[in-house]
Protein chains: 4
Amino acid sequence: MRTSRLEAFSDGVLAIIITIMVLELKPPAGHELSDLIHTSGVGLLTYLLSFVYVGIYWNNHHHMFHLVQRVTGAILWANLALLFCLSLLPFTTAWMDESDFAHTPVVIYGVNLLGAAIAYFVLQSVIIRHQGSQSPLRKAVGRDIKGKLSPIFYLAGIFSALLIDPHGGLGVVIALACFVAVAIMWIVPDRRIDRVARQIEDR
Amino acid sequence: MRTSRLEAFSDGVLAIIITIMVLELKPPAGHELSDLIHTSGVGLLTYLLSFVYVGIYWNNHHHMFHLVQRVTGAILWANLALLFCLSLLPFTTAWMDESDFAHTPVVIYGVNLLGAAIAYFVLQSVIIRHQGSQSPLRKAVGRDIKGKLSPIFYLAGIFSALLIDPHGGLGVVIALACFVAVAIMWIVPDRRIDRVARQIEDR
Amino acid sequence: MRTSRLEAFSDGVLAIIITIMVLELKPPAGHELSDLIHTSGVGLLTYLLSFVYVGIYWNNHHHMFHLVQRVTGAILWANLALLFCLSLLPFTTAWMDESDFAHTPVVIYGVNLLGAAIAYFVLQSVIIRHQGSQSPLRKAVGRDIKGKLSPIFYLAGIFSALLIDPHGGLGVVIALACFVAVAIMWIVPDRRIDRVARQIEDR
Amino acid sequence: MRTSRLEAFSDGVLAIIITIMVLELKPPAGHELSDLIHTSGVGLLTYLLSFVYVGIYWNNHHHMFHLVQRVTGAILWANLALLFCLSLLPFTTAWMDESDFAHTPVVIYGVNLLGAAIAYFVLQSVIIRHQGSQSPLRKAVGRDIKGKLSPIFYLAGIFSALLIDPHGGLGVVIALACFVAVAIMWIVPDRRIDRVARQIEDR
């Protein structure tokens, strides 16, 4: 099995996820700038965060499958598990936004991000195991510092929202800061995979 | 006619079906974990079941068209009939979920799954007939035990919901168990087609 | 310019149009079969009709671009005009269905189908003019009997809904019969184009 | 990194943006032609304007990436920024339409168009810088008169809506005229890029 159709299907699902979130943004009832800022201002930033996250996953997915030649059943299902986690993002984003960043919805948003990170890690591991000892993806990923830091940040965010301040407030702010920090960390595209991919092409 | 554009169109439709179901998941009004579980907890599991079903159909569609070289008008329309059946899944899933698994909506959900299975079988038969006596798809499908078991399970589910307990309850539970069982049976990717495909490529 | 990206974009838009119509189907409030038939029964048939129409356009678009090698700016915009007309189908379908097939919405649905047919004819003419005197598409289309009959049927439907019975009833039934008749006429795939395409490939 | 998957993902997102706007068009409550014109007549023209804008961006994106061979991380993110701006169009279009072209929503619509134009310019500049001194895109774009005129028109529209008439009316009409003028200016496909592309292919 080639990867082209798996990539096309994943692209389709990610394109829809990234776009339907904007359907959650309801136009404000009033017609003034203040209406826009009060009712949608936060929504736009939340949408931007989730947009960036889906963009990061698409980006990394793109880089990862650049190093994959053949697809197995296990890879197909690990990929679908990742898409399932990401498909819940519009739901958890909407809940977090509608609740004005209440305690529990922020925790659930973090759990959703954590779930997607785990699914991505499983997908990566399934591919590496299938490629065997000479796996180009294993080489490219290397020590995978970003991939190991992300769940720690998510867990820190989830626990700070849960523990520091059970009624929202500071805990929620720390949690959101963690989620934004991971996004910024990943926005820099994965140069390691780029480098290995270039070496393989040069041979 | 090559298969590439039919595959791309089917991928697009399946990607949309699998993703718009999440639009049915409305964020709970409250902001507590209990709100999430009471109003969306069941919804998430229902969504997961339908997500897995669309994933299975995409998976099998992917494997099947791997063995198809040319597309005829009959194959195009049989494929559209399958997509039509699957496009009703978000509707029947939403009705089943909103009714809290009432009697009739569970039966209709089963009828929808049965319709999709029949459409898939028709598509498979049209392709095999077009490929003639040396059909690689016929070889790959073999005795098609899974394909023959699925409608039996769907019918068992439909009838148990209809007959055992006309007011819901046990009959509905048995029906849902049947639908989940078929999904689990198919989650294992179709190794027979994989095997024949590999043999053909090896020649 | 190759046709691949125009085909991919058109496939995407058509896949979305064909799928979002199902979002218009709201699950019935009640949980009995009679609720389904009373509130959604007609809706399902209307959805089926529009699904078949989008399927026909995708099918013919697929066949047509099989004979196109290069895309010009005029072809790109004629194609977008066709996609625009088709993108209004979910809107006119929903209005026709919600009004229980009232007089004006049925006329507007017919105008929408007529507009799509004209846009398709313009696209076909632009391609033929660009291909010049040896146009394979002109050969394949031949006398284009179906393409000429369709607008006549649409106009007959529109006028029968307008004239015979201004308050709905018989006029609307004749109009719907015209629209269904055109769909049935086109469901048979365009064997003429198939034949020419095969001849070209055989050379 | 090849451009194929970036193009496919962008096509998917643009196809969804162009199609979900039609979901904003709610069928009128009444069943007369006057209901359609009063409640949706303006909406259809607004939808047409935004449809044409997305079509223009798809068209220019298509032409631009025809001259791109390799994709870098910076190009991926500049492309995502463009898609983000365009993904807000259904939201700003809906607000402008629902407010019956009130003052502020028209300004915000103009800001959205301006943002997309800036993102497109950034994407173009990133590609040209990456291609180096022999950049075929730089040659094709030339003095980029259209690209420089567009933001001036957007700014003229935004300021006329802001300054001339703070309570709507003439200022809004001038603003809309500016936005329509830019669309008409771009509808003519970019012959300069076509010309250079042809020269490159001819070599």
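Amide H neighbours of C:K26 under 5 Å, at least 5 residues apart or on other chains, H built in the peptide plane: list them.
none
What nm distances, shortest first, do you get from the label point of B:I184 to those in the other copies when the point sits 7 angstrom along Cα to Cβ?
Those separations, rounded to one decimal, come out as 4.7, 4.7, 6.6 nm.
If the label for D:H38 sits 7 angstrom from Cα along the Cα-to-Cβ line, what are its distances to the same label in every other copy, in nm to one decimal, shortest first?
Computed spacing set for this position: 3.0, 3.0, 4.3 nm.
What's the FRET efficiency of B:H38 with A:M185 using the Cβ-Cβ distance as r and R₀ = 41 Å, to the nearest 0.05?
0.70
If you take each beta carbon of peptide C:105-118 and count the beta carbons of other chains within 10 angstrom, what is the mean?
Values: counts 8, 1, 1, 3, 0, 0, 0, 0, 0, 0, 0, 0, 0, 0.
That average works out to 1.
In sequence order, what are the phi-derived ³J(HN,Hα) couplings for region C:83-96 according to the Karplus relation 6.51 cos²θ - 1.76 cosθ + 1.60 with θ = phi - 60°, rounded to whole Hz, with x for glycine and proline?
Along region C:83-96, the couplings run 5, 4, 4, 5, 5, 7, 4, x, 5, 6, 4, 5, 5, 4 Hz.
State the dimensionless ratio Rg/Rh of region D:50-99 (Rg: radius of gyration of Cα atoms; Rh: Kirkwood radius).
On the way: Rg = 13.5 Å, Rh = 12.4 Å.
Over the Cα atoms of region D:50-99, Rg/Rh equals 1.09.
Per residue of D:23-33, what is the mean number of Cβ atoms on other protein chains within 10 angstrom of that residue's Cβ?
Going residue by residue through D:23-33 and averaging, the value is 6.
From the backbone phi of region A:10-15, what are the Karplus-calculated ³J(HN,Hα) couplings (6.51 cos²θ - 1.76 cosθ + 1.60, θ = phi - 60°) in whole Hz, Gly and Pro given as x?
4, 4, x, 4, 5, 4
Region B:89-121 to region A:88-109: how many Å between their Cα centroids?
Region B:89-121 and region A:88-109 have Cα centres spaced 29 Å from each other.
What part of the accessible area of chain A, given as a whole %, is carbon or sulfur when the probe is 1.4 angstrom?
About 66 percent, which is the carbon plus sulfur part of the accessible surface.
Once C and D are treated as a pair rather than alone, how much accessible area drops out, both sides summed, in Å² to 100, probe 1.4 Å?
Buried surface at the C/D interface: approximately 3100 Å².
Could you list the GluC sites (Glu not before Pro) in region B:1-57 that lie in coil according to DSSP, counting only those with at most 15 other Cβ atoms within 10 Å of their Cβ?
Counting only loop positions with at most 15 other Cβ atoms within 10 Å, the GluC sites (Glu not before Pro) in region B:1-57 are B:E32.
If the only charges are +1 at each Lys and Arg Cβ and -1 at each Asp and Glu Cβ, what is the size of the charge dipole of region A:1-117 around the Cα centre, to the nearest 20 debye?
Computed charge dipole of region A:1-117: roughly 680 debye.
Within 10 Å of each candidate Cβ there may be at most 15 other Cβ atoms; applying that plus a DSSP loop requirement, which trypsin sites (Lys or Arg not before Pro) in region C:88-181 survive?
C:R143
Could you state how much accessible area D:I187 has, in square angstrom rounded to the nearest 10, with a 1.4 Å probe and all protein chains kept in place?
70
Could you work out [θ]222 nm for the protein assembly as shown from helices alone, using -39500 (n - 2.57) per DSSP H run of at least four and dividing by all its residues? Round to the nearest 500 deg cm²/dmol.
-24000 deg cm²/dmol
At a Förster distance of 45 Å, what's the computed FRET efficiency of A:L48 paired with C:L163, Cβ-Cβ distance as r, to 0.05?
0.25
Looking at the square roots a ≥ b ≥ c of the eigenvalues of the Cα gyration tensor of region C:1-106, which shape do they give, rounded for a/c under 1.5, prolate if a/b is larger than b/c, or oblate?
Cα axes put region C:1-106 in the prolate bin.
With label points built 7 Å along Cα→Cβ from the Cα atoms of D:D100 and D:K146, find their separation and express it in nm.
In this crude spin-label approximation the distance works out to 3.6 nm.
Using a 1.4 Å probe and ignoring any ligands, DNA or RNA, find the accessible area of A:S87 and quote it in Å² to the nearest 10.
My reading of the accessible area for A:S87 is about 0 Å².
Taking a point 7 angstrom from the Cα of D:L155 along the C-beta vector, which residues in region D:96-134 have backbone N less than 18 Å away?
Within reach of a label on D:L155: D:107-122.
Please list 3J(HN,Hα) in residue order for region B:138-146, calculated via the Karplus relation 6.51 cos²θ - 1.76 cosθ + 1.60 where θ = phi - 60°; whole Hz, with x for glycine and proline.
Rounded to whole hertz, the list is 4, 4, 5, 5, x, 7, 6, 5, 4.
Which residues of region A:62-89 show a drop of at least 10 Å² in accessible area when all protein chains are present, compared with their chain alone (probe radius 1.4 Å, heavy atoms only, ligands and nucleic acids excluded)?
Correct list: A:H62, A:H63, A:H66, A:R70, A:G73, A:L76, A:W77, A:L80, A:F84, A:S87, A:L88.
May I ask you to report, in nm to one decimal and beginning with the shortest, the distances from A:G142 to the same position in the other copies, taking label points 7 Å along Cα-to-Cβ?
Label-point distances to the other copies, shortest first: 4.6, 4.6, 6.5 nm.
Ratio to report: Rg/Rh of region A:118-164, with Cα atoms as the point set and Rh obtained by the Kirkwood method; give two decimals.
Rg/Rh: 1.16.
Using only the alpha carbon atoms of chain C, find the Kirkwood hydrodynamic radius as the inverse mean reciprocal pair distance, in angstroms to one decimal.
After inverting the pairwise mean of 1/r, the radius is 18.1 Å.
For region D:1-130, what does the accessible surface come to per residue with a 1.4 Å probe? Please give it in Å².
With all protein chains present, region D:1-130 gives 31 Å² per residue.
Which of rounded, prolate or oblate describes the protein assembly as shown when judged by the alpha-carbon gyration tensor and an a/c cut-off of 1.5?
On the way: a/c = 1.11, a/b = 1.00, b/c = 1.11.
Rounded, since a/c falls under 1.5.
Explain nothing, just the number: dipole magnitude of chain B about its Cα centre with +1 on each Lys and Arg Cβ and -1 on each Asp and Glu Cβ, in debye rounded to the nearest 20.
Dipole size: approximately 1320 debye.
Pick from C:P105, C:P28, C:P90 the residue whose mean-square fluctuation is largest in a GNM of chain C, springs joining Cα atoms under 10 Å.
Comparing C:P105, C:P28, C:P90 in the GNM, the peak value goes to C:P28.
Extending each Cα 7 Å along its Cβ direction at A:Q69 and B:R2, get the distance between those two points in nm, one decimal.
My value for the distance between the label points is 2.2 nm.
The values are calculated or read from the model by the stated rules, or taken from the named source; none is laboratory data. Being a predicted model, the structure only gives us computed values, none of them experimental. All Cβ positions, even for glycine, are placed from backbone atoms using ideal geometry, and neighbour counts span all protein chains on display. Only protein heavy atoms, including side chains, enter the accessible area calculation; ligands, DNA and RNA are left aside. Shrake-Rupley method; radii C 1.70, N 1.55, O 1.52, S 1.80 Å.
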